[in-house]
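Asks: Please read through the structure below; I'll follow up with questions.
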Amino acid sequence: MKRLLYLLKIYVLLVLTFVGAKVVFMLMNREGHDFGMGDVWDVLWHGLSLDLSTALYFLIIPFIVVIVSLWWKRCDLLQKHVLRYYCFFIAAAFALAFVADTSLYPFWGFKLDAACLQFLSTPGDAFTSVSWGYIVVRLIGLIGLMGFMGWLFTRPKLPTEACRHRWLFTALMVALIPFMVIGIRGGTDESTTNIGQVYYSQNQFLNHSAINPVFSFFASFEKTAGDIVDYEYMDEAKCKQILSDCFPTTSIDTDTLLTTQTPNIIVILMESAGGEFTEIGGRTDIMPNLNRLAHEGINFVNCYGNTWRTDRGTLCTWSGYPSFPTMSVMKMPAKSQTLPNIARTLQQQRNYRTFYLYGGDINFTNMRGYLVSGGFEQLTWQTDYTAEEQNSASWGVRDDITFNTLMTMVTEHHEAEGQRPFLIGFSTLSSHEPWDVPMQQFDDEVLNAFYYLDQCIGDFMAKLRQSPAWDNTLVILLPDHSINYGDIDETKQLRNRIPMIWVGGAVREPRTVNTICNQSDLAATLLAQLGLPHDEYAFSRDVLSSSYRYPFAYHTYINGFSLVDSTGFVVYDLNSEQVIVDQSTDTKRLTQLGKALLQATSADLRNR
């Protein structure tokens, strides 16, 4: 019985460790999340089933060692060379999981996931969002937590005395195996242990707090181990029927917004600049220049971002391709190079010169490979600047410096090669954690960073307006994605509503476009304005065409997807497999549409 007691002690310690980690997680991430002691209890109670199951996984090795100890006299060696090292191993693994989970949540808004491993190839870029002090504090915490849990898990000792009824005890241990298996899989039903089983609240922070981060990490490998994740919700015929009128590839009676079909084009992807920081969210003080430009040009007031990260949003914009919850197509060279790209289309169809400007590391997330294969002939990036300029911001070259470069590029390319038009893509970077900008307008560092970006935009547009290039230039401003800020998260419709503004001398007249659309619709809409076909952009829509009969916007994030149309707004959680925000009069149809989109787009990606 002493051996069973030993296993019980280990198991209880594992479960208590998971429970304690939840409390620490909630306390460390309490900013912006109101909860009381009752909520903490509810989180622990609803998350307990996942903790119990996860602890059984890590009890397997001690369980096997106990069986071996019945037949091998040197139990001291098992304790010293197997159990001791195993305990230190799981202590290190748990400590790393808990610290990473607690630290990443404020930035990502979801639990620890294997997606974080994608950033290990470029750790320097991954750490630029935080200060050295931030990193040092967490390293100290990590080492301390490893030591404490290593000490804790090695306190129980495997009994060394011989078992007088080892055959009987062995039979008992073998009889326990089916119960362990049932406990690990979460019962005898067809469904097995999963993250969704702990969801119980309309408050996503409480649901996320209930999730075991160790289980979340390993469970996510099922989604990320292969390049392509298939979503299969219905038969192919039904999927095609649902999407039959959603993506027209031919423009009919498109409104003409421009004065020319061969303008010089500048597309500025504003890092993280979602609508919550503009008039869209009721703020006139954070980005006043952008708000003014919206009234001077073509303002797409119901545009929604497709995704939640730069690598995804960049591809959605240039290739008119949808995003995915866990997959980054930009990081799949064999797939991303098969996608159409605005740059390549303009290069081949209208002989445009094509350039891209970015003040950071353009090799991050395979950005260089995607841009070059997409038709951008010349890249200007961090290494093209002086050492001082390269270190002017955490992520690379500060925005005011790169906007000056952009102005120089416009001037030079306008004067060169006669009437040959140009396309310049530009990704800003300063409005990103750690929000280090050379300006202090707001006490809130996030708002301050967006104010700084807006000042850079205003200064650039003023210079451009006074230059000879203005009359034949179209400037398109939109973010790569938006961010969680305050209580605005993926459960709020405003979270992914983004500004998309076309301005410049090539714009015929100011105009407000109220049609619901996505940032991925830029490709088809722009090409149609230039008189070019866009049929190869199968998931991009010309929102100014009479063929665009069903306006809707679709967004994915790592835990699910959201949809907006004339009936309202829904959010579907992929972990719990349920609608978590229901603000539509036709929720069932919107949910089916989202599932069909996931199924069809993942199949399209696999077949490329």
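Asks: Points 7 angstrom from Cα along the Cβ direction at D487 and T383: gap in nanometres?
Replies: For D487 paired with T383, the spin-label model returns 4.8 nm.
Asks: Return the ratio Rg/(2.2 N^0.38 Å) for segment 356-500, where Rg is computed over Cα atoms only.
Replies: Details: Rg = 16.3 Å, N = 145, 2.2 N^0.38 = 14.6 Å.
For segment 356-500, the normalised Cα radius of gyration is 1.12.
Asks: Can you give the alpha-carbon Rg of segment 244-388 over 2.2 N^0.38 Å, where N counts its residues?
Replies: Values: Rg = 17.0 Å, N = 145, 2.2 N^0.38 = 14.6 Å.
That works out to 1.17 for segment 244-388.
Asks: Give the value in nm², to one decimal: projected area of the alpha carbon convex hull of the chain, averaged over all directions.
Replies: Taking the Cα atoms of the chain, their convex hull projects to 29.5 nm² on average.
Asks: Subtracting the Cα-Cα distance from 0.36 nm times the residue separation, let me have the gained length for D230 to L16 in nm, one decimal.
Replies: Contour length minus the Cα-Cα distance gives 73.4 nm.
Asks: At 0.36 nm per residue, and after removing the present C-alpha to C-alpha distance, how many nm does the segment from Y550 to K2 gain when stretched out fully? All intermediate terms of the calculation are to be shown ahead of the outcome.
Replies: Numbers: separation 548, 0.36 × 548 = 197.28 nm, distance 6.83 nm.
Extending this stretch completely gives an extra 190.4 nm.
Asks: Right, next: Given the Cα-Cα distance of A462 and E31 and 0.36 nm per residue of separation, how much length would full extension add, in nm?
Replies: 151.3 nm
Asks: What relative contact order, as a whole-number percentage, does segment 290-421 give when Cα pairs under 8 Å and 6 or more residues apart are counted?
Replies: Normalised by residue count, the contact order of segment 290-421 is 19 percent.
Asks: Hey, can you list the DSSP H helices of the chain whose Cα span along the axis is 18 Å or longer and whose average Kyte-Doolittle score is at least 1.6?
Replies: Result, helices passing both filters: 2-28, 132-153, 166-185.
Asks: Taking R0 as 45 Å, what FRET efficiency do you get between E509 and N391 from their Cβ-Cβ distance, rounded to the nearest 0.05?
Replies: Using R0 = 45 Å, I get an efficiency of 0.55.
Asks: Same structure again: Under a plain spin-label model, where a point goes 7 Å from the Cα along Cα-to-Cβ, how far apart in nm are V23 and N351?
Replies: About 7.3 nm, to one decimal.
Asks: Could you tally the net charge around G313, taking each other residue with its Cβ under 13 Å from the Cβ of G313, Lys/Arg +1 and Asp/Glu -1?
Replies: Surrounding charge for G313 is -1.
Asks: While we're here: Beyond a 23 Å Cα-Cα separation, which of these cross-linked pairs lie in this structure: K2/K22; K22/K111; K240/K588?
Replies: Details: K2/K22 31 Å; K22/K111 12 Å; K240/K588 17 Å.
Pairs exceeding the cut-off: K2/K22.
Asks: Would you mind getting the accessible area per residue of the chain, heavy atoms of the protein chains only, 1.4 Å probe, in Å²?
Replies: Value for the chain: 42 Å² per residue.
Asks: Need one number: the % of Cα-Cα pairs in segment 286-365 sitting beyond the 16 Å mark.
Replies: 65 percent
Asks: A follow-up question, please. Given an 8 Å cut-off on Cα distances and at least 6 residues of separation, report the relative contact order of the chain as a percent.
Replies: Dividing the mean separation by the residue count of the chain yields 20 percent.
Asks: Only Cα pairs under 8 Å and at least 6 apart count here; give the relative contact order of segment 472-608 as a rounded whole percent.
Replies: 15 percent.
Asks: With each label point set 7 Å from Cα along the Cα-Cβ vector, what nm distance links Q261 and V136?
Replies: 6.2 nm
Asks: How much of the accessible area of the chain, probe 1.4 Å, is carbon plus sulfur, in whole percent?
Replies: Carbon and sulfur atoms account for 56 percent of the accessible area of the chain.
Asks: Dividing the convex hull volume of the Cα atoms of segment 506-574 by its residue count, what figure in Å³ per residue is obtained?
Replies: 118 Å³
The values are calculated or read from the model by the stated rules, or taken from the named source; none is laboratory data. All of these numbers come straight from a predicted model, not from anything done at the bench. Neighbour counts run over all protein chains shown; Cβ positions are idealised from the backbone, glycine included. We work out accessible area using only protein heavy atoms, side chains counted, and drop any ligands, DNA or RNA first. Shrake-Rupley method; radii C 1.70, N 1.55, O 1.52, S 1.80 Å.
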